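Enquirer: So that we are looking at the same thing, I have put the structure below in structure tokens.
The values are calculated or read from the model by the stated rules, or taken from the named source; none is laboratory data. Since we're looking at a predicted model, the values are computed, not measured. With ideal geometry, Cβ positions are generated from the backbone for all residues, glycine too; neighbour counts draw on all protein chains shown. For accessibility, only protein heavy atoms count, side chains too; no ligands or nucleic acids. Shrake-Rupley method; radii C 1.70, N 1.55, O 1.52, S 1.80 Å.
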Amino acid sequence: MNETSKTPARTPVSRSAKVVLLSIGLVVSLCAVEVAVRVAGSVVKPTTWTDRPYAFFLPSDSHSLQDADPHPKAPGVFRVAVVGDSFTFGPHMQLGDTFPKKLEQMLNTNVGAQRVEVINRGHNGASTHLETELVKLVLRESPDLLILEITLNDAEPRLLTPEERAAVYRPKWLTWPIFSWWKSLGLVAKRVHNSQTVRNYIDYHSKFFKDPETHATFATSLNQIAVQAREAKVPLVAVVFPLFDFPINEQYPFKETHEIVGRDLQAAGIQAIDLTRAYRKIPPE
């Protein structure tokens, strides 16, 4: 008579045990992701910038990171002075790569033409209201032409510190302490934060031209600059830059703001060039 061997019956795993095992697996997985994020963060270091590159070249009589100090105009030279914010100053760039110096280079390429000097008087973070004082100083340098560079944050009522400017777009919840030690969760939070930042960025650069008080300050400042230039008998032209954080296409979110700036310049009697069309369909990078 054959005896059939019997497999011992397995003891069923209780629901609570399953929950414990699942929890342990989840914790181990999260810890593994956390370790991976921390290791990647220690290997890939963010680039730290200053107002100029580590190795930069400036005129010998410059006592700042800006262009040469005020100096007499050489005989026969046509002097152009450019007043503006960081788009003119050109942070993280060589002075020679800023648009005023590139303009100088291009205007001096023709043999036999009158020599042109273009002075960069850009100031990081300056609004049009603050630039009324800069223009007073620049007009003392006897320019033959004054260029006023305008960016869409130029209606800001005051100069912001880098920390304040960063806080403008950053949702406050991203500063919660949990994101500083739970790196993987912080990585997910940053993705959500990016969407909110885009919305905050658009709202911020539009609101000052919609707010009657700050818009009036901007328009009044343009009028003051125009009056100063006329009294000094110096031709004045404005150049309006788009914001390059977005592609310049049909979805560019600041078309209305450019129209407002254009009307304000026209009301102040300032000839202007808006570069939005020139940069159309060029990738932001």
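Enquirer: Which net charge results when you count Lys and Arg as +1 and Asp and Glu as -1 among the other residues whose beta-carbon is under 11 Å from that of R79?
Expert: Here the count lands on -2.
Enquirer: Moving on to the next point. Between Q94 and L145, what is the label-point separation in nm under the 7 Å Cα-to-beta-carbon projection?
Expert: 2.4
Enquirer: Of the peptides 143-156, 72-85, how do they stack up when ordered by the mean number of other Cβ atoms within 10 Å, highest first?
Expert: The peptides rank, most packed first, as 143-156, 72-85.
Enquirer: Could I ask something else about it? As a test question: what accessible area, to the nearest 10 Å², does Y252 have when a 1.4 Å probe is rolled over all protein chains in place?
Expert: Surface accessible to solvent at Y252 totals approximately 10 Å².
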